[in-house]
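The values are calculated or read from the model by the stated rules, or taken from the named source; none is laboratory data. Note that this is a predicted model, so its numbers are computed, not measured. Note that we place each Cβ from the backbone using ideal geometry, even for glycine, and neighbour counts take in every protein chain shown. With ligands, DNA and RNA removed, areas are computed over all heavy atoms of the protein, side chains included. Shrake-Rupley method; radii C 1.70, N 1.55, O 1.52, S 1.80 Å.
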Amino acid sequence: MSGHRFLRRAWFPARRAWLVLALLALVQATAAAATVELLSGASFECTVLSKDDKNVTVEVIMSGMKVKRVIPLSSVYRVTINDKQYVINPRSPVPEKKRSAAKRTPPTTSAGPTDDKGALRTRTAIEAWIKEQGRTPPDWFEATPLNYPPSLDLSWPEKPEGGWNNQKNVGQYIWDIVNPNPSKWREGVKLMHHLLTLHQDDRAQRTRIMVELGRMYYNLHEDHARAAFWWQQAGVDKTHSPPGCSIHLAECYWRLGNKQMAVDHLRKMRSVPYDAIKLWADMGEPQQALALVESIAKNPRGQHHLAYLLGGDACRVAGRYDEAIEYYQKVLAVPSQDPGKGQIDRCHQRARASLEAIRLFELTDVASIADGDYRAESLGYEGPVEVEVAVRSGRIESVHVTRHKEKQFYSAMNDTPAKILAKQGVKGVDATSSATITSEAIINATAKALASAAEK
Amino acid sequence: MRLDIFLPFLKKPKRGSEPAPDPLPLRLAKRVLPRALFADRATGKPGLARKWLKWIGPSWQSAPVRRICQAACLGLFLWLFFYVCYPYSARPAPVSTAWQPTAIDGESQITLSGGDLSDGSWAAGKTVYAARKAGPQTAELGRVTIVRQQGGTLIVRPAESFPSEVIEELQFDLGGAWTLSERPAGAWPSHYADNLAGKEWLHAESLLIIDPLVAISTAIASRTWVWSLVSAAGILLVAILVPRGFCGYICPLGTLIDLFDWSIGKRIVRFRVADDGWWVHIKYYLLAGTLLCSLAGVLVSGFVAAIPVITRGMLFLFDPLQVAWARGWHNVPPVGPGQWISLALFFAVLGLGLMKPRFWCKYVCPSGAVFSLGNLLRVSERKVEDTCIHCNKCVEICPFDAIKPDFTTRVTDCTLCQTCGGVCPTQAIKFVDRWNTTLLKIENDPPTHETPLGRRGFLSLAAGSAAAMIGTGGVVGAVKLFGADLSEGSTSLPVRPPGSLPEREFLTACIRCGECFKACPNSVLQPLGFEQGLEGLWTPAVNADHAGCESSCNACGQVCPTGAIRALPLEEKKVARMGLAIVNPQTCLPLAGREACQLCVDECVAAGYRAIEFTRVGTEVDELGLPVEGSGFLAPVVQADKCVGCGLCQTRCFAINVAERGVLAESAIVIEAGPGKEDRLLRGSYIALREQEALERKEAAPKSGSYLPDFLD
């Protein structure tokens, strides 16, 4: 079994490169999806059969025959499946300490970033990935039509004349028509690329377009690699302007799998916008986030309402509900006055909604509620849905819909109460599919009933 | 044609002769069932079965087969109407969410945990679709088979078709939570259509399409081929063998009238009329009248044809009760003049039984008249032999008044129910082929006082025909005068069900039976009163204030007996435009600058059409000219190429903004019909139409730019 020997040898630094090359040629191109690269520099295509803590079992096709191989994970540099790369052991010379830390299998739960999960990447890997992704169009790009109102002024002047007109001015068209409509998001990107081609000789204009492209990929498509690419092309990584985009660029680095890069980027920024509070909290650093909140609170010219609101959100994400409530109440304590009255009012509104949500969904504990039947209602499809919740000895005994006008409810009327009973609360109860509005109304009404009971 | 020639066990043994052995079925029955049910052949004493038949009535005793047929057909009608057409047993395909993969073993079996098993069944061996969130969307992974359930965890095995690279990927990264479902993620729901198809082993409209008047008059009025003509021809063929057998054995309205006459009619005698009178031939004139109307392009036969009458009666009388009982009174649509008129007609039909049992069937029913005329071609008939002793029992029992005073047959009325044969003490009544004339009883003894076509008969024929002509003229004139306004720019056009024929053809093809109302979930379709004149009475129209058309349903076309609503497959129905949603800029809350509201948009997205998009209105700008975050409102904009006019948006706007909150007087988004707003194809594919339009749009679009600008190449 020469193939077997080849693999065993190849795990060690290639002493006989010629042999490796000769044998690699024997590994025929197949439909295998995975590419395994070894620390030795050898790489081959195979099908991954299984993997445990120590070894990965693969199947390679050699001379037309399928051969099973067990490869120790310690010898693997990385595995590429479906364009996704899983770095098992970083290949570049890294300090011993760091290397052993990176050796463990990437986390498998949802603790990490939401995309490219588990693919903890090195700085160079991320830079390469951003470049590679950024230079290739997304898979939907070709099929997306270029579609914009014929009245649109494609010269996109910095200061458009006349009043607000979302059918004439590009920025206003994006703000009013593209951003609110998911169905227009791809068309919006297509239009922006079209503008970039039109204005590519005008340096200032093309920078502005590339910043907007980055925004679109980040905000609308959650495509962090391409967002980072276009922001880098626009120089956001060096100039940190606009600051909001710079914060989001840091977030892209984190989401792509390298928190350190994000932290380094944040530290380089001289003035830190409020968005950083949310990023710190999302990255699991509530202390950093709250420190930022406090520093803004000390600054008499700071927008305190906004900082407190973000602080409350940060605490809520971390599960620190009591502190979150304190922050939200601080938001409500900021008087609503000019300048920025509209913004303060909106912050008040959001703080109130968050307080209500915490009160309803996070803090209500059935065990502490006195026995009794509690009623509350919430708006369903056709009108209020009223439920009656019976609590006996600290347990929800029954949930009944007592009044409703719904027509299209399928099983929601029975299913959702059953789910609430099973979970003994409203947290984590999903709405019944196809009757979401009715189902959510039952959940909300139950939450309200329990919360009102808890207050008594 | 003597039945007992072909089925010898029916023959009574001759006195004194050796009794023939029991036939096999009877022997088997005697072995299984209690002895007491059967007659004792030695003594000739009847068994319990016959005693019981005698107890429920003489007609049961004399012709049990006919009564059982009647009961079965009424049962079938009620089953088709109240069970098959009842839409609310449909359930969406179950979905189970939040299954986090926690391990994958050497055989690629995946352990999922934390999911929710309450919705639907997730038994071992079941193969389901697995999907996972990928960015903002849900991406299909592939099919998996459930191996076993263990406490809160589920062990699944990827099916053959499951992509191998996903299995490989899972080895390194178990990824986010899975959603398991019986249908692929993002598949268009079809539970209402599937539910109806699953129950419809016999078409729900089966009894409607064998009412010959329905098919014939529709075909004449719309001047097209109506496929129910085939079943009408079939039943008329049967009627040659069993003349007017439809009325005696099948017609559920006849059976219902029998029930009414038995339970109520026989107790009230003050309205009884003489045996003979001017009314005995109404049915022919009514038939002539409806067919003449059809010839003039006005379809009124549905008002008086037997099966549509009982269908509408059940619909307006019992459907509200069924829906209210199962779903609550708020689901019952409001009752308009159309419903009252139909109910009055239904009760009038039943009430005619006070004048004489089955008065309607004998003298008025135009569907029966078709069979009466068909009787001229009969090959079998009732025959009275010369052993008749003039006991008059047959005349008394005949439910159709089809026996003359001389005991011979009124051949156009006899339904061959054989009840008279059952009561005849001398077995003088036989049911034989038409040309069997041996041992015939002498006719006109006792005298019948009937002349085949005397002066009186001729006069009544002339008067009836004249009445039919005048009636036809009156109806056609009234309909044309107070008919539907189909002129260009008419604002009162009703929104018709999806896949309806063009309005002119629709009005001449819709028989107004009401079957589509029954099959329509949430009663989106409701009968018109006189909004479209007399021509529109009882035709189906969308009442989107009450409810919107379910995206997964195509029931109305499936149950339509005449093809006025085409029986579109769900794929066709979902792109057939029945109308167009129009936003009222004066009243729409965000457009009028009153408050934020996106009920219609949410509704359209949830239904899967995504035909209403946002535009921001009233955006404020700061001193730099930049828009202020959160300023202004998002207002709805209807995309005419995607909107099919289902009306769900209108339902929601009406339910919340009008009925619940009272902030509007009427829905601010309304479905409108009319040229350019709906597609009404006589034939051909709606999908093809949509594809053609998409192609034209694509060709008109500007050419697209490239992805990378030159300076980055």
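Okay, residues lined up against (1) more than 10 Å from every other protein chain (Cβ to nearest Cβ); (2) surrounded by 22 or more Cβ atoms within 10 Å (Cβ to Cβ):
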residue: A:Thr402; (1), (2): yes, no
residue: A:Glu406; (1), (2): no, yes
residue: A:Gln424; (1), (2): yes, no
residue: A:Lys427; (1), (2): yes, no
residue: A:Ala441; (1), (2): yes, yes
B:Phe347 being assigned to a helix (DSSP H, G or I), modelled with pLDDT of 85 or more and either open to solvent by 50 Å² or more (accessible area, probe 1.4 Å) or more than 26 Å from B:Phe316 (Cα to Cα) (or both): yes
Any residue in the stretch A:325-351 that's away from chain B (no Cβ under 12 Å): show its pairings with residues that are surrounded by fewer than 19 Cβ atoms within 10 Å (Cβ to Cβ) and of a type in the set (Asp, Glu) at Cβ separation under 8 Å, as long as the two are six or more apart or on different chains. A:Ser336/A:Asp345
Would you be able to say whether some residue in the stretch B:154-170 is in contact with a Phe, Trp or Tyr (Cβ under 7 Å, 6 or more places away or on another chain), within 12 Å of chain A (Cβ to nearest Cβ) and hydrophobic (A, V, I, L, M, F, W, C)? no
Report yes if B:Gly632 is out of contact with any helix residue (DSSP H, G or I) (no Cβ under 7 Å at 6 or more places or on another chain), without any contact (Cβ under 8 Å) to a residue 60 or more places away in the chain and open to solvent by 40 Å² or more (accessible area, probe 1.4 Å), otherwise no. no
Flag for B:Trp201 being touching a residue at least 24 places away in the same chain (Cβ under 8 Å), open to solvent by 10 Å² or more (accessible area, probe 1.4 Å) and among the aromatic types (Phe, Trp, Tyr): no
Quickly run through the stretch A:160-180 and pick out the residues that are more than 7 Å from chain B (Cβ to nearest Cβ) and either among the hydrophobic types (A, V, I, L, M, F, W, C) or surrounded by fewer than 19 Cβ atoms within 10 Å (Cβ to Cβ) (or both). A:Pro160, A:Glu161, A:Gly162, A:Gly163, A:Asn165, A:Gln167, A:Lys168, A:Val170, A:Gly171, A:Ile174, A:Val178
Enumeration of residues in the stretch A:37-89 that are away from every other protein chain (no Cβ under 11 Å), open to solvent by 40 Å² or more (accessible area, probe 1.4 Å) and assigned to a loop (DSSP other than H, G, I, E, B): A:Leu39, A:Gly41, A:Asp53, A:Lys54, A:Ser63, A:Gly64
For the stretch B:154-207, which positions are in a loop (DSSP other than H, G, I, E, B), among the charged types (D, E, K, R) and at pLDDT below 90? B:Glu160, B:Asp173, B:Glu182, B:Arg183
Name the residue that is most open to solvent (accessible area, probe 1.4 Å), counting only residues in the stretch B:298-333 that are within 14 Å of another protein chain (Cβ to nearest Cβ) and more than 22 Å from B:Trp79 (Cα to Cα). B:Trp329
If A:Glu386 satisfies every condition in (1) within 14 Å of chain B (Cβ to nearest Cβ); (2) surrounded by fewer than 19 Cβ atoms within 10 Å (Cβ to Cβ); (3) in a strand (DSSP E or B); (4) not small (Gly, Ala, Ser) but one, which is the exception? (2)
Could you please give the count of residues in the stretch B:604-616 that are surrounded by 16 or more Cβ atoms within 10 Å (Cβ to Cβ), in contact (Cβ under 8 Å) with a residue 24 or more places away in the chain and more than 8 Å from chain A (Cβ to nearest Cβ)? 5
Residues in the stretch B:572-580: is at least one more than 10 Å from chain A (Cβ to nearest Cβ), open to solvent by 40 Å² or more (accessible area, probe 1.4 Å) and modelled with pLDDT under 95? yes
Going through B:Ala344, B:Ala324, B:Ala288 one at a time, which residue ends up being within 24 Å of B:Leu213 (Cβ to Cβ), out of contact with any Pro (no Cβ under 8 Å at 6 or more places or on another chain) and free of Cβ contacts under 8 Å to residues at least 12 places away in the same chain? B:Ala344
Which pairs turn up if I take residues in the stretch B:375-386 that are outside the structural domain of B:Leu236 (by TED's automatic domain parsing) and at positive phi and look for partners that are small (Gly, Ala, Ser) and open to solvent by 10 Å² or more (accessible area, probe 1.4 Å) with beta carbon separation below 8 Å, at least 6 apart in sequence or on another chain? none
I'm checking my understanding of the structure. Among residues of the stretch A:435-456 that are farther than 26 Å from A:Ala370 by Cα and touching a Phe, Trp or Tyr at 6+ places or on another chain (Cβ under 6 Å), which one is modelled with the highest pLDDT? A:Thr438
